[in-house]
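All remarks here apply to the structure that follows.
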Amino acid sequence: MVRACDLLGVARSSVYRHLAGGRVSTLTIPQAERNYPNRLSPEEQVAIVARLNQEDVADLSIRQGYYSLLDRGEYLGSLATMHRVMRKAGQSGDRRRCSTNGTALPRVKPVRACQVVCVSGRHFRG
């Protein structure tokens, strides 16, 4: 049996399972759509997203927001649950407020003739 499986490129466990009449799984429902008793309801997921978007924790990372809420005595779910819910809501990246001016380059503005002031001096060395 060993040599035959090697020649055919088939795993021995597959052959033995087939000979023993192994069952093939008949589950047709994808795992994400199965009904689990401890799964959060859509209302609970919305409550987690709404709470992490409130002003007091909106600028914190998900981990910092989780521990900040725990310090206040609020438990909405585990840290992994919060990451999963926020990822599903598309908010798992950088949660800080971003600049809306659209430019990251320093701005140079003239003050007087032959004199220029840089608004953000960290980009220039000198």
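Observations on the model:
- Shown here for region 1-75: chymotrypsin sites (Phe, Trp or Tyr not before Pro) in loop regions (DSSP other than H, G, I, E, B) with at most 12 other Cβ atoms within 10 Å, namely 75.
- In terms of the mean number of neighbouring beta-carbon atoms within 10 Å, the peptides 2-9, 52-59 order highest first as 52-59, 2-9.
Values in this text are rule-based calculations from the coordinates and carry no lab data. None of the values given here were measured: they were computed from a predicted structure. Please note: Cβ atoms are built from the backbone with ideal geometry, for glycine as well, and neighbour counts cover all protein chains shown.
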